[in-house]
Amino acid sequence: MSKKVMVLTGGSRGIGAATAQLAAVQGYAVCLSYASQAAKADEVVAAIRNSGGEAIAVQADVSREADVLRLFETADREFGTLTALVNNAGILEHHMRVEQMDVGRLERVLATNVIGSFLCAREAVRRMSTSHGGIGGAIVNVSSMAARLGSPNEYVDYAASKGAIDSMTIGLAKEVAAEGIRVNAVRPGVIYTEIHASGGEPGRVDRIKDSVPMRRGGDALEVAHAIMWLVSEQSSYTTGGFIDVSGGR
Ligand code: NAP
């Protein structure tokens, strides 16, 4: 039996780091990418290896096609046949209204969150589709409840990028369903990670947690478990599906 191989984007911190560690425990060799925080990525790799798992970290900006190609080629070379992609890398910028957003911000958010996810999905399909000689596999996109809620006065651009990810999940799932590839998404709610500091409010989860029906923020590992269920054979008849990991929000 060939080994289970995962490419996971944005594995140096937060939800990606938790998912990388859970995937390794479940027997995946994990090729994780990061944008700039090499030391954090190395810590995740070291933790996995110290527990007997397999992992490597690759600096690769998902919005750059050459970086994405290098990321997947590294996974091919180091681990062999790809069986899973987790499109987790994502960014948001400071809270502001739409009328204040400049084109640079819009390009950055859409390039990372949308184009990056498309480029990685493309490379995964080229490797996993039975119509390209592959053995099938699973793609999990990390969307957001923002896609449903719209994030007014904070980051409508980010919410819209996640709406695009939801549409991509539905369309790509249908496109490759007969080729052995399942495509699903998780929609996290408010999760304790550093992404909220990027929005200018590190304490955002605690500010809004009382408006969550479960009255608390989520932990990255709670999202990782949903991602890994969608990657696993336990969800073998699920494609084009969504799991909201949001405490009922
Ligand atoms: P985070 O703690 O800010 O971590 C972001 C990760 O993405 C880091 O590993 C970062 O690498 C990487 N990254 C950023 N830009 C990248 C790029 N251009 N190319 C490659 N990697 C890049 O974020 P998080 O909260 O764990 O979020 C993970 C995913 O969950 C995102 O898609 C986010 O939109 C989604 N999400 C999060 C929440 C939440 O409340 N936390 C809610 C809904 C959805 P470096 O470490 O090198 O910067």
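Key figures for this structure:
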quantity	calculated
Label-point separation, R215 to R64 (7 Å along Cα→Cβ), nm	4.8
Rounded Å value of the spacing that divides the Cα centres of the stretch 173-238 and the stretch 30-102	17
Angle in degrees between helix 220-231 and the longest Cα principal axis of the chain, rounded to the nearest 10	40
Against the rule of thumb 2.2 N^0.38 Å, how large the Cα Rg of the stretch 5-245 comes out	0.95
Under 28 Å between alpha carbons - lysine pairs in the chain that sit 8 or more apart or on different chains	9
FRET efficiency for T238 and S51, using Cβ-Cβ distance with R0 set to 22 Å, rounded to 0.05	0.15
Rounded tilt (10° steps) of 14-25 against the dominant C-alpha axis of the chain	30
Computed lengthening from R126 to V103, 0.36 nm per intervening residue step minus Cα-Cα distance	5.1 nm
Solvent-accessible area, 1.4 Å probe, carbon plus sulfur percent, for the stretch 90-241	56
Computed Kirkwood radius, in angstrom, where 1/r is averaged over Cα pairs of the stretch 1-70	11.8
Extension gain, E43 back to W229 (0.36 nm per residue minus Cα-Cα distance, nm)	64.5 nm
Mean separation of Cα contacts under 8 Å (6+ apart) over length of the stretch 5-245, as relative contact order %	20
Accessible area per residue in Å² at 1.4 Å probe, computed on the chain	45
Crossing angle, helix 65-79 versus the chain [Cα axis fit, 0-90 degrees, rounded to tens]	40
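The values are calculated or read from the model by the stated rules, or taken from the named source; none is laboratory data. Nothing here was measured: the structure is a model prediction, and the numbers come from that model. Glycine also receives a Cβ, built like all others from the backbone with ideal geometry; neighbour counts cover every protein chain displayed. Accessible surface areas use protein heavy atoms only, side chains included; no ligands, DNA or RNA. Shrake-Rupley method; radii C 1.70, N 1.55, O 1.52, S 1.80 Å.
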